[in-house]
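The values are calculated or read from the model by the stated rules, or taken from the named source; none is laboratory data. Since the structure is predicted, the reported quantities are computational estimates derived from the model, not experimental observations. Glycine also receives a Cβ, built like all others from the backbone with ideal geometry; neighbour counts cover every protein chain displayed.
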């Protein structure tokens, strides 16, 4: 349907006002919120995510597109809840305690949302208790932690230890990322996966929840 | 690098994004391969040069390149950090800074605003930007209007000392009864690919603030002149090479192919496009979300940012 393509194109270009207008128009044509989400908004984000992966667009463009998608999402959110539409999975995210560098985490959050995941963003400088509370209250499928500093990345292990002591480790997948993080570090601390860049974090999450 | 000499490169462009692209190309093609403290063993040596970049019209449009390592809301927050001290409260106490790498406190050792506006020396706190404004307002031709960041007691023991070293400014007559404010910034070391652009947006915003204050003090029109940016070591880290070179086998474009595949207009934004994202980028960053999120921000700083927000909401204010 042409309107889905238009929504996707406008999301990709980051034209928030047009996305809002087209989403409202689609609803007025009795198109379901779920279809608008998966055939329009998510497709637009998938296009920009793919471009980002292939080095064909710039980071701020991904975030501008994410704003456009969120504006469309706001319009259909109440209807999605009414129709009980399920997301691809729930991901709790944050940069670990002591680390205020949240750019990478924000980009991953946007790309995950764009891929149809529900993201609970705990923000930056997140203590383990806050991660735990979010995992419990949201019944999250995945917890994603980010750190830019070698001094703060050590905290990831503390979060994993806390999940174990609370009996939640087997119920939630743990993924980590950030400049100093390596695959071997992820293995050492017992994470389920590590992503070297934002685009791979989405593939990793999809793979873990298959 | 021939005979151990670091190359010296010069870039002269009208706008910030044009200068940014030219500088990346210059350092990539003509920089020397030198290792930095941040290169990992598996990374190639960084590309590096001493570079002097002139932006003839720092507020000319388009002012924003689309290639930088954050979103527009994040960039706005960084501008507030440099110009209004939004994150000075994240700087750790002096006794912790003096512990150098032994400090367990992960807060910051400095912000540019803190060093430029609240430089700590002995028992005094000095607002160097205010001194610059006073000195230039009294005698625009002075060569002594400058603000430094380096603290020889605090910085050498830390892992991440300031890159910006000095801001210098001077006024010249514009021939019409007003002044032109010229500003230079001097940098010890600089990540060209992922920090230069954001630094320059913030520093040129500071440049405009200084010019506005001088204008108030002298009651004369103060136009912005050229902005000159001098880095001892302007580099592209080895860890970025994959992003710059792309991967032809996997169909991943190089950075330069990405630039060439679009017009200059399609790889930049003007201030009108950017302004709403500076106010609120819709994904948790920007002035409004920042004021909402950062409850511990001191009241004085909050008020300054609120004022900035009101200015941005006016149509005639350029970010």
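Side notes on the structure shown:
- Pair list, Cβ < 9 Å and 6+ apart or interchain, from the stretch B:248-265 residues that are facing another protein chain (nearest Cβ under 9 Å) to residues that are surrounded by fewer than 11 Cβ atoms within 10 Å (Cβ to Cβ): B:254/B:248
- Residue in the stretch B:284-301 that is in a helix (DSSP H, G or I), over 22 Å from the mean Cα position of the chain (by Cα) and away from every other protein chain (no Cβ under 12 Å) present: yes
- Those helices (runs of 4 or more DSSP H) lying entirely in the stretch B:50-138 with at least 3 residues buried (at least 16 other Cβ atoms within 10 Å of the Cβ), within 12 Å of chain A (Cβ to nearest Cβ) and in contact (Cβ under 8 Å) with a residue 12 or more places away in the chain: B:72-84
- Enumeration of residues in the stretch A:71-110 that are within 22 Å of residue A:139 (Cβ to Cβ), under 10 Å from the mean Cα position of the chain (by Cα) and within 14 Å of another protein chain (Cβ to nearest Cβ): A:93, A:105, A:108, A:109
- Some residue of the stretch B:143-150 being surrounded by fewer than 16 Cβ atoms within 10 Å (Cβ to Cβ), without any contact (Cβ under 8 Å) to a residue 40 or more places away in the chain and in contact with a strand residue (DSSP E or B) (Cβ under 7 Å, 6 or more places away or on another chain): yes
- Scope the stretch B:233-247; condition away from every other protein chain (no Cβ under 12 Å) and not in a strand (DSSP E or B); matching residues: B:238, B:241
- Residue B:207 vs. criteria closer than 23 Å to residue B:63 by Cα, buried (at least 19 other Cβ atoms within 10 Å of the Cβ), at pLDDT 95 or above and out of contact with any helix residue (DSSP H, G or I) (no Cβ under 9 Å at 6 or more places or on another chain): yes
- Scanning the stretch A:9-55 for residues that are surrounded by fewer than 23 Cβ atoms within 10 Å (Cβ to Cβ), more than 18 Å from the chain's Cα centre (by Cα) and under 26 Å from residue B:275 (Cβ atoms) gives A:9, A:13, A:15, A:16, A:17, A:18, A:20, A:21, A:24.
- Here A:136, A:130 are screened, and the one residue that is under 23 Å from residue B:106 (Cα atoms) and out of contact with any helix residue (DSSP H, G or I) (no Cβ under 9 Å at 6 or more places or on another chain) is A:130.
- Restricted to the stretch A:111-210, the set of strands (runs of 3 or more DSSP E) holding at least 1 residues that are more than 20 Å from the chain's Cα centre (by Cα), within 14 Å of another protein chain (Cβ to nearest Cβ) and surrounded by fewer than 19 Cβ atoms within 10 Å (Cβ to Cβ) is empty.
- Any hit, the stretch B:218-232, residues being at pLDDT below 95, assigned to a helix (DSSP H, G or I) and more than 10 Å from chain A (Cβ to nearest Cβ): no
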